[in-house]
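I have placed the structure first, in the form of structure tokens, so that the comments after it can refer back to it.
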Amino acid sequence: MSISRRTFLRSTVALGAGATILPATVMAEAESVEQASSSETAAIQAKSVEQASSSERLAFQAESVDKALSDLFNSPVVSSDKITIKTPDIAENGKVVPVKVTTDLPNVESITILSEANPKPLVAQFNFIGEAKGWIKTRIKMGGTGNVIAVVKAEGKLYQASREVKITIGGCGG
């Protein structure tokens, strides 16, 4: 089967035009989807801040671990060996420290992460609904070497565990 020169040129031009127009169309569509999802995310974040109680807001502004815990919870925290914190022993950069918290405690309601070395130690609080598994995986910023503390609320009681992380370059202005 032989193809004429004219057919070959027509096909090549059509493919070239399609290759030029298609990516621009796909990129424009991806941009509109991205803008829509970022505005939805902003609405969700704003809603979350509005829903935060005054005690939660105070806890995020607290300058010590004890103050943050007292602002968040009204009951004592006990140590538990049923909470596992996985972090690197030495993090080269405090701006991005991977943290994984798991627990075998039943009926986990929340997992709260604090960093002793930060000017504002309360890093995050994850609330669970229903029968969720007690684990989270995230990255946090640490101001320097110190303990990462995980507080798990399960069945109305508070349990905590901690793990020291050595930081070579600080992440909170260090």
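Quick one: in the range 139-155, which of the residues that are touching a residue at least 40 places away in the same chain (Cβ under 8 Å) and not hydrophobic (A, V, I, L, M, F, W, C) is nearest to Ser79 (Cα to Cα)?
From the range 139-155, those touching a residue at least 40 places away in the same chain (Cβ under 8 Å) are 139-144, 148-155; that's our starting set.
Subsequent filtering for residues that are not hydrophobic (A, V, I, L, M, F, W, C) retains 139, 141, 143-144, 153, 155.
Values: Arg139: 23, Lys141: 24, Gly143: 24, Gly144: 24, Lys153: 12, Glu155: 15 Å.
Out of the qualifying residues, it is Lys153.
Being under 17 Å from Pro121 (Cα atoms) and modelled with pLDDT under 90 is the filter here; which residues of the range 145-172 pass it? Before the answer, list the steps.
Quick first cut of the range 145-172, residues under 17 Å from Pro121 (Cα atoms) only: 145-152, 160-167, 170-172.
Matches in the range 145-172: Gly170, Gly171, Cys172.
In the range 1-118, which helices (runs of 4 or more DSSP H) lie fully inside it and hold 3 or more residues that are modelled with pLDDT under 60? Explain how you work it out, then say what you get.
Details: elements: 5-51, 54-61, 65-72.
Qualifying helices (runs of 4 or more DSSP H): 5-51.
Is at least one residue of the range 160-172 within 17 Å of the chain's Cα centre (by Cα) and either without any contact (Cβ under 8 Å) to a residue 40 or more places away in the chain or at negative phi (or both)? Before you say what the answer is, go through the steps one by one.
Step one: list which residues in the range 160-172 are within 17 Å of the chain's Cα centre (by Cα), which gives 171-172.
Narrowing further to those that are either without any contact (Cβ under 8 Å) to a residue 40 or more places away in the chain or at negative phi (or both): 171-172.
Taking every residue of the range 160-172 in turn, at least one turns out to be within 17 Å of the chain's Cα centre (by Cα) and either without any contact (Cβ under 8 Å) to a residue 40 or more places away in the chain or at negative phi (or both).
Looking only at the range 118-135, count every residue that is without any contact (Cβ under 8 Å) to a residue 40 or more places away in the chain and within 16 Å of Ser162 (Cβ to Cβ) and tell me the total. It would help to see each step written out before you state the result.
First, the residues of the range 118-135 that are without any contact (Cβ under 8 Å) to a residue 40 or more places away in the chain: 123-124, 126-135.
Cutting the leftovers down to within 16 Å of Ser162 (Cβ to Cβ) gives us 123-124.
Result for the range 118-135: 2.
The values are calculated or read from the model by the stated rules, or taken from the named source; none is laboratory data. Quantities reported herein were computed from a predicted structural model and do not represent experimental measurements. As a convention, Cβ positions derive from the backbone with ideal geometry for all residues, glycine included, and neighbour counts pool all protein chains shown.
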